Amino acid sequence: MRMREESFRTYLKFRFRSDVRQIQALRIEAEASGQKPTFEQMKAAHDQLRQDTLAKLTPVLSPAQLKKFQVLMEERGPPGGPH
């Protein structure tokens with residue numbers, strides 16, 4: 001069953017917020033251990049989140065919705081860049 005457009009938008013908002021919280025948690029965890037994560041570590045974490053998200057979305061989104069999601073992800077830009 002594919003998502004309706006309204007459900008798609010709601011889910012995207014949830015995913016973006018969830019990704020932000022996960023990245024913040026990784027940063028806090030690293031800083032609590034007395035280290036600051038490197039750019040490469042944070043980029044790797046972002047890349048892994050994107051791959052995980054695509055794997056979760058592929059079975060439930062239509063091809064058009066999946067393409068739209070990928071475009072939105074690209075528009076967000078690389079980690080650490082302006083959003």
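Of everything in segment 32-55 that is more than 11 Å from the chain's Cα centre (by Cα) and either under 14 Å from residue 16 (Cα atoms) or among the hydrophobic types (A, V, I, L, M, F, W, C) (or both), the residue that is surrounded by the most Cβ atoms within 10 Å (Cβ to Cβ) is 42. For segment 1-14, the set of residues classified as assigned to a helix (DSSP H, G or I) and of a type in the set (A, V, I, L, M, F, W, C) consists of 8, 12, 14, listed by residue number. Only residues that are closer than 24 Å to residue 4 by Cβ and either in contact with an Asp or Glu (Cβ under 8 Å, 6 or more places away or on another chain) or in a helix (DSSP H, G or I) (or both) were counted in segment 15-67, giving 17. Residue 82 satisfies every condition listed in (1) at pLDDT 80 or above; (2) surrounded by fewer than 12 Cβ atoms within 10 Å (Cβ to Cβ) except (1). Hey, could you check segment 56-79 for residues that are β-branched (Val, Ile, Thr) and either more than 16 Å from residue 12 (Cβ to Cβ) or at pLDDT 85 or above (or both) and say which is surrounded by the most Cβ atoms within 10 Å (Cβ to Cβ)? For segment 56-79, the residue satisfying everything is 58.
The values are calculated or read from the model by the stated rules, or taken from the named source; none is laboratory data. Note that the structure is a prediction, hence the values are computed from the model and not measured. Cβ atoms come from the backbone with ideal geometry, glycine included; neighbour counts cover every protein chain shown.
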